[in-house]
């Protein structure tokens, strides 16, 4: 009995340690604002968006006068909007209106990031987009990269988009650490799931998955699994040869943007 008690106590300590560590492993926020679209002479609206649990999110709205689509963009787990400004700005230059929001604890957003917290952030951002910015007849695209993929996928339940774009996605958190026995063991004690595939279940709209085959953070096979799991979606999978995790649009920009252009061109007007 004493041995069993010690074993259960050790499991409890391990569980508590993992719960304490998981946000520090999952999120790498940078606070403040280092640059804005104004630095490249692009007009934008600086936003403050309240969440239902009392936080305030910082975001940018970059409106195109004749948008090909309207994008709600969710970045990865590092940095803040300033770090990802190049992709946001390039989307705007290529004919998209873009709403980009920092998760809680990132940039000027209040609070501390957690998995359930960033899903609440997604809900708040989507509702703000629908209330203030959505234009009838223009396709709406939820766009998530890396940890933003489950965030974008979770947003489908808030308000259905016309399409979803996922860059370097994982089907779930465990798929990222499968090659590391220690982290894999810890994952069984974690509350974090980042279940992109689960959120996509039942989604039957257009889906574009883009993944670099040299990804050193989220395995290429994880992106393939997301695509495979989304059986009901009208899916397109694009491999960016030689691309790592954060440089898909840098290593082969022509291939990257051509894939996006083809995908968006096939959407046509939305259903409204």
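All of the numbers you see were taken from the coordinates with simple rules; none came from a lab. Remember, it's a predicted structure, so these values are computed and weren't measured experimentally. All Cβ positions, glycine included, derive from the backbone under ideal geometry; neighbour counts span all protein chains shown.
Here are the numbers for this structure:
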item	result
Ascending count of other beta-carbon atoms within 10 Å, so fewest first, for 108, 57, 166	108, 57, 166
Structure-based [θ]222 nm, the chain - -39500 (n - 2.57) summed over DSSP H runs of at least 4, per residue, nearest 500	-11000 deg cm²/dmol
Residue-span extension gain [residue 86 to residue 46] - 0.36 nm each, minus C-alpha spacing	12.7 nm
Rel. contact order, % - alpha carbon contacts under 8 angstrom, at least six apart, the chain	16 percent
Residues residue 135 and residue 112, FRET efficiency given R0 of 25 Å [Cβ-Cβ distance, rounded to 0.05]	0.15
Exposure proxy order (Cβ contacts within 10 Å, fewest to most) of 53, 215	53, 215
Hydrodynamic radius by Kirkwood, which averages 1/r over all alpha carbon pairs of the stretch 2-265, in angstrom	18.9 Å
Least to most buried among 145, 178 (fewest other Cβ within 10 Å first)	178, 145
